[in-house]
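Enquirer: Before we start, here is the structure in question, set down as structure tokens.
A short reminder: the numbers here are calculations on the coordinates, not readings from a lab. None of these values were measured; they are calculated from a predicted model. Positions of Cβ are generated from backbone atoms using ideal geometry, with glycine treated the same way; all protein chains shown enter the neighbour counts.
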């Protein structure tokens, strides 16, 4: 794979290309109570009214305000795929704090008749813990050194953004299933452009992505399906109808107008 004029080495996958996940269904009989978290969230509860929630063969995006349930849904899908709730590959089994919901036990994933050569769950909020676990595994006397799969340099010895991209460029391979929770948290706008370039190459190599994001840059990936989670449930929306796009465009076109509204003195009582 070429990136930035350099040839990036990556072990070739032997399995067939994706898609690997076709759709999701919330099983009514497995919902303990609609009044319990996360089933009390409008977005999650609305899954009961959907026959299925299909996934794009390449990139599906979950967007919405904080607390809308997008990370909770992505986490449940990751667990149902055999991945660690805090992140990592299927070989990661550490737990800093058991905080995941029971949603993974209430969903059913329809899978394609093919197996990904690689699976990984990347979430911004627990990436520090994943980096620590990588170092621990790498130093295990009875284990196989794995730091080389992440670029050969400790992720803790790089900036947050550099370590994210090091993982993406070195650890992710073609024919993979990748779930990512707010990858933009560590990336500048320029680095988000790099992220999209690597993501696109991995898609061409048969990979499939499910991403929860707030980034209007990442949301702009061509042909991706965007699922909006809000008080009205879950529905697919065009990129230019998302609040993320509309608010960002409005602000960049006239920042002063936004500041005039946000910073205006309150009227006297």
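Enquirer: Which value in nm describes the separation of the simple spin-label points at residue 197 and residue 262, placed 7 Å from the Cα toward the beta carbon?
Expert: In this crude label model, residue 197 to residue 262 measures out at 3.0 nm.
Enquirer: Any idea how far apart residue 188 and residue 235 come out in nm if each label point goes 7 Å out from Cα toward Cβ?
Expert: Label at residue 188, label at residue 235, 3.9 nm between them.
Enquirer: Same structure, new question: Can you figure out the FRET efficiency of residue 65 with residue 16, using R₀ = 51 Å and their beta-carbon distance, to the nearest 0.05? Numbers along the way, then the final one.
Expert: Working: r = 38 Å, r/R0 = 0.74.
Efficiency, rounded to the nearest 0.05: 0.85.
Enquirer: Multiplying the sequence separation of residue 29 and residue 162 by 0.36 nm and subtracting their Cα-Cα distance, what value in nm do you get? Numbers along the way, then the final one.
Expert: Working: separation 133, 0.36 × 133 = 47.88 nm, distance 4.42 nm.
Stretched out fully, the residue 29 to residue 162 stretch lengthens by 43.5 nm.
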